[in-house]
Amino acid sequence: MICRKLRLRPDESFLDIGSGWGALLCHAAQHYGVRAHGVTLSQAQFDYAKDKIERLGLKDRVTVALCDYRTLGGRYDKIASIGMCEHVGIANYEAYFKKIRGLLGGRGIFLNHGITRRAKRKIENFGKISPGKRVILKYIFPGSELDHIGHTLQVMESCGFEVHDVEGLRLHYARTLRLWLDRLTARREEAIAQVGPERYRMWIAYLAGVMGGFEHGPQQVFQIVAVKRADKAASPLPPTRDDLYRVAPPQDSRMTRRS
């Protein structure tokens, strides 16, 4: 769905900021024929993604670098950032979105996927840290910070993006967390053998608690599709989402090139 929302096309340049274990990079190259580049700060993710690219025979179309996205140069047709903005820090959003805009070619398309919190009636209450959040910051996601969707959109627009589509995936993520929890508890003994009983219990509590947060709404997750704003330029996106569901995914890019 991310590839469809970006309307990826063969031989386009695609950047994945915070590319994780390389799944999106490889999928986009295999099925949409793009030239994909990813960046990560994790040595483990970098090593795994490099091995995966090699194993799938994608070295001619996919690269990955162990670096900070702020050091990147060049231009890309399409950019995705999946689950990384939570770690940028709200105070750094302007620099984050301006950097991404600078990496996009003319009328390039950007998809930002991130977890958010529900806005408060009083803005001064939004920054308060609950006891549950304090535990997560200490043991699960140090340094993470969740915005509310309204402010994120405001900053994106002020940084030169035209927002085309905002989709809430809260209930999808609640189901994802339930599946993670079920699978972890099903392999309890194996997990405890790897990380010990204390860390196992901590993650069980975290997954269960956050699952409830997504099921009942305080926590949300959104995908935002935006384009690099330009004066007197036609939109590169269609007027509705219809094509995302009506059109079959492209064939394997290798088959497309041979044909």
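So the values come out like this:
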| quantity | calculated |
| --- | --- |
| Residue in the range 201-210 that is farther than 24 Å from residue 113 by Cβ, modelled with pLDDT under 95, among the basic types (Lys, Arg) and loosely packed, with under 13 Cβ neighbours inside 10 Å present | no |
| Residues of the range 33-62 satisfying the condition of being closer than 23 Å to residue 10 by Cα, within 18 Å of the chain's Cα centre (by Cα) and not aliphatic (A, V, I, L, M) | 37, 38 |
| Matching entry among 152, 185 (being over 27 Å from residue 69 (Cα atoms) and part of a helix (DSSP H, G or I)) | 185 |
| Residues satisfying the stated conditions in the range 40-52, i.e. surrounded by fewer than 22 Cβ atoms within 10 Å (Cβ to Cβ) and either of a type in the set (S, T, N, Q) or within 20 Å of residue 112 (Cα to Cα) (or both) | 41, 42, 43, 45 |
| Among (1) part of a helix (DSSP H, G or I); (2) at pLDDT 95 or above; (3) closer than 20 Å to residue 217 by Cβ - the single one residue 115 does not satisfy | (1) |
| Matching residues, the range 53-62, being closer than 17 Å to residue 33 by Cα and either crowded, with 18+ Cβ neighbours inside 10 Å or among the charged types (D, E, K, R) (or both) | 53, 54, 58, 59, 60, 61, 62 |
| Where residue 222 falls short, out of the listed (1) crowded, with 17+ Cβ neighbours inside 10 Å; (2) out of contact with any strand residue (DSSP E or B) (no Cβ under 6 Å at 6 or more places or on another chain) | (2) |
| Subset of the range 144-164 that is without any contact (Cβ under 8 Å) to a residue 40 or more places away in the chain and either crowded, with 16+ Cβ neighbours inside 10 Å or among the small types (Gly, Ala, Ser) (or both) - its residue that is farthest from residue 104 (Cα to Cα) | 148 |
| Cβ-Cβ under 6 Å pairs, at least 6 apart or on other chains, the range 48-67 side modelled with pLDDT under 95, far side part of a helix (DSSP H, G or I) and surrounded by 18 or more Cβ atoms within 10 Å (Cβ to Cβ) | none |
| Residue match in the range 85-98 (condition: touching a strand residue (DSSP E or B) at 6+ places or on another chain (Cβ under 6 Å) and of a type outside the set (Asp, Glu)) | yes |
| Every pair of residues 6+ apart whose Cβ atoms lie under 6 Å, when the first sits in the range 27-46 and is part of a helix (DSSP H, G or I) while the second is among the aliphatic types (A, V, I, L, M) | 28/8; 28/34; 28/36; 29/36; 29/58; 29/62; 32/8; 46/66 |
| Only listed residue being of a type outside the set (S, T, N, Q), touching a residue at least 12 places away in the same chain (Cβ under 8 Å) and outside any helix (DSSP H, G or I), chosen from 9, 4 | 9 |
| Breaking point among (1) surrounded by 11 or more Cβ atoms within 10 Å (Cβ to Cβ); (2) outside any strand (DSSP E or B); (3) not charged (D, E, K, R), for residue 194 | (1) |
| Hey, residue 94 surrounded by fewer than 14 Cβ atoms within 10 Å (Cβ to Cβ), in contact (Cβ under 8 Å) with a residue 60 or more places away in the chain and either of a type in the set (Phe, Trp, Tyr) or under 30 Å from residue 238 (Cα atoms) (or both) or not | yes |
| Answer from 124, 167, 145 - the residue that is among the acidic types (Asp, Glu), modelled with pLDDT under 95 and in contact with a helix residue (DSSP H, G or I) (Cβ under 9 Å, 6 or more places away or on another chain) | 145 |
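The values are calculated or read from the model by the stated rules, or taken from the named source; none is laboratory data. Here the structure is a predicted model, which means the values were calculated and not measured. Every residue, glycine as well, gets a Cβ built from its backbone with ideal geometry; the counts of neighbours run over all protein chains shown.
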